[in-house]
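Input: a single structure, listed below in structure tokens.
The values are calculated or read from the model by the stated rules, or taken from the named source; none is laboratory data. Worth saying up front: this structure is predicted, and the values here are computed from it rather than measured. With ideal geometry, Cβ positions are generated from the backbone for all residues, glycine too; neighbour counts draw on all protein chains shown.
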Amino acid sequence: MSRLLYLVPVRVLAAVAVTAVFSLVWRMGPDDGGANIGAGLLLFATIWAGCLVWSLFDARRHGFAISLTAWSIVALVIGAGFPFSIALIDGEWDSEILRTDLAVFIPMMLFSMVPLAAVGAAVGQATRKQA
């Protein structure tokens, strides 16, 4: 349990940093009023790749269960945080949109990140050096 207390915040902060960088890059682009789907997909792909690789290293160091638990919590926090960051960036706090976004983002991040973390953790556990 104590390992999760430092694993989860560091990984959440890394995801927040990646999101902030993508947000800044997106804001520096042309403001044509359209959605930048490519940037959003690249952001999710970066988070997913980070989840896969980082869970592998977490499992090598801490074991499969700790790695998968940490990344499940990270996915939940990221899924809950995205709608709030979108509302903050857009400057619009519509409770109906926020509720809908939460209902979409939380399952999306859980169902996309947890399987990747499981694969990464399984590989990490299989390649873990036994004492």
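Quick rundown of the values:
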| read-out | value |
| --- | --- |
| Which listed residue is assigned to a loop (DSSP other than H, G, I, E, B) and over 25 Å from VAL21 (Cα atoms), from ARG61, ARG128, ARG99 | ARG128 |
| Any pair with Cβ under 6 angstrom, 6 or more apart, that starts in the range 64-82 at a residue that is part of a helix (DSSP H, G or I) and ends at one that is aromatic (Phe, Trp, Tyr) | GLY79/PHE105; PHE82/PHE105 |
| Among (1) aliphatic (A, V, I, L, M); (2) out of contact with any helix residue (DSSP H, G or I) (no Cβ under 8 Å at 6 or more places or on another chain); (3) under 30 Å from ALA126 (Cα atoms), the one test that ILE37 misses | (3) |
| Lone qualifier among ILE66, ILE97, ILE78, ILE86 - being out of contact with any helix residue (DSSP H, G or I) (no Cβ under 7 Å at 6 or more places or on another chain) and either at pLDDT below 95 or of a type in the set (D, E, K, R) (or both) | ILE97 |
